[in-house]
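*Asks:* Sending over a structure as structure tokens; questions will come in a sec.
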Amino acid sequence: MARALDPHKKEAIMTAARMIFIRDGYRAAKMTDIATEAGVAAGTLYLYFNSKEALSNALSEDFFNRCALMIDQYVPHIADENGLTQYIDSVIQIARDEMPVLSFARIESFEKAGKGKEVRKELSIRTANHLQKLMEEKAIRNYDAIALADMMGGMLHKVIMSCVVEETFDLATHKATAIRILEYALFESRNEN
């Protein structure tokens with residue numbers, strides 16, 4: 001009978017991989033170094049991840065799972081006082097936290113496997129479901145929920161790329177502008193005359 005894999009070892013391996021990928025770069029990182037950092041034998045590492053690419057894909061998947069949790073935590077509250085700001089701050093924070101991982105992660109292999117498009121769609125639908133509930137409660141203006149989720153996601157993606165990843169523009173200005181645009185689009189009572 002096959003022994004069940006230990007979720008704590010898997011997490012230790014992923015944490016070690018993050019550190020080694022950031023320190024050495026994806027190409028130079030060695031699975032043996034990751035195993036040593038995780039405190040497991042190299043053979044044990046391969047029980048969990050059969051290749052460096054599989055490990056990188058797992059890190060990408062973990063990132064998207066944390067995005068889903070963030071959506072569930074913040075999107076239902078965007079109509080609350082400071083709720084929209086808290087949501088945008090959480091998006092910015094997860095991007096900052098994960099930027100080193102995303103810079104080395106083999107997102108292209110994740111994309112080639114068809115997972116990227118699928119996961120982005122799931123995140124949009126998850127966001128749209130929360131937005132639909134807010135529209136039904138008349139907490140925000142009525143739109144097509146999927147289109148609204150995509151528009152919000154696109155705007156926040158641009159803020160992240162321009163201000164966090166590329167550092168081309170001032171984050172505070174872009175964040176304030178995104179909040180103002182979304183408040184205008186979402187909330188009748190918050191609009192300036």
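Values in this text are rule-based calculations from the coordinates and carry no lab data. Because the structure is predicted, anything quoted here is derived from the model rather than measured. Here Cβ is always computed from backbone atoms with ideal geometry, including for glycine, and neighbour counts include all displayed protein chains.
*Asks:* Convert each backbone phi in segment 29-38 into a coupling constant with the Karplus relation 6.51 cos²θ - 1.76 cosθ + 1.60 (shift: θ = phi - 60°), then list the ³J(HN,Hα) values in order as whole Hz, x for Gly and Pro.
*Replies:* Taking θ as phi minus 60°, the curve returns 4, 10, 4, 5, 5, 5, 4, 4, 4, 7 Hz for segment 29-38.
*Asks:* With axes computed from alpha carbons, what is the tilt in degrees of helix 83-104 against the longest principal axis of the chain, rounded to the nearest 10 within 0 to 90?
*Replies:* Once rounded, one gets 30 degrees.
*Asks:* How high is the relative contact order of segment 1-98, in percent, with contacts defined as C-alpha pairs under 8 Å that are six or more residues apart?
*Replies:* Over segment 1-98, the number comes to 20 percent.
*Asks:* How long, wide and thick is the chain, going by the Cα atoms along their three principal axes, in whole angstroms, largest first?
*Replies:* Cα spread of the chain along its principal axes, largest to smallest: 65, 43, 29 Å.
*Asks:* For Y143, what residues show an amide H to amide H distance below 5 Å, using hydrogens built from the backbone and excluding near sequence neighbours?
*Replies:* none
*Asks:* Related question: Tell me which of A17, A79, N129 sits at the most positive position along the dipole axis of the chain, charges placed on C-beta atoms (Lys, Arg +1; Asp, Glu -1).
*Replies:* With unit charges placed on the Cβ atoms, the residue in question is A17.
*Asks:* What's the FRET efficiency of I181 with D80 using the Cβ-Cβ distance as r and R₀ = 22 Å, to the nearest 0.05?
*Replies:* Here the calculated transfer efficiency is 0.75.
*Asks:* Here's another thing I want to ask about it. Could you work out [θ]222 nm for the chain from helices alone, using -39500 (n - 2.57) per DSSP H run of at least four and dividing by all its residues? Round to the nearest 500 deg cm²/dmol.
*Replies:* Here the helix-only value at 222 nm equals -23500 deg cm²/dmol.
*Asks:* Next question. Compute the angle between helix 115-136 and the longest alpha-carbon principal axis of the chain, please, reported from 0 to 90 degrees and rounded to the nearest 10.
*Replies:* For 115-136 against the chain, the angle is about 30 degrees.
*Asks:* Which value, in debye to the nearest 20, describes the size of the charge dipole of the chain about its Cα centre when Lys and Arg Cβ atoms bear +1, Asp and Glu Cβ atoms bear -1, and nothing else is charged?
*Replies:* I would put it at about 600 debye.
*Asks:* Please report, in debye to the nearest 20, how large the charge dipole of segment 151-193 is about its Cα centre when each Lys and Arg carries +1 at its beta carbon and each Asp and Glu carries -1 there. Please list the in-between numbers first.
*Replies:* Details: 4 positive and 6 negative charges, 16 e Å.
With Lys and Arg at +1 and Asp and Glu at -1, about 80 debye.
*Asks:* On C-alpha positions alone, give me the angle between the axis of helix 171-186 and the longest principal axis of the chain, in degrees, nearest 10.
*Replies:* For helix 171-186, the angle is close to 50 degrees.
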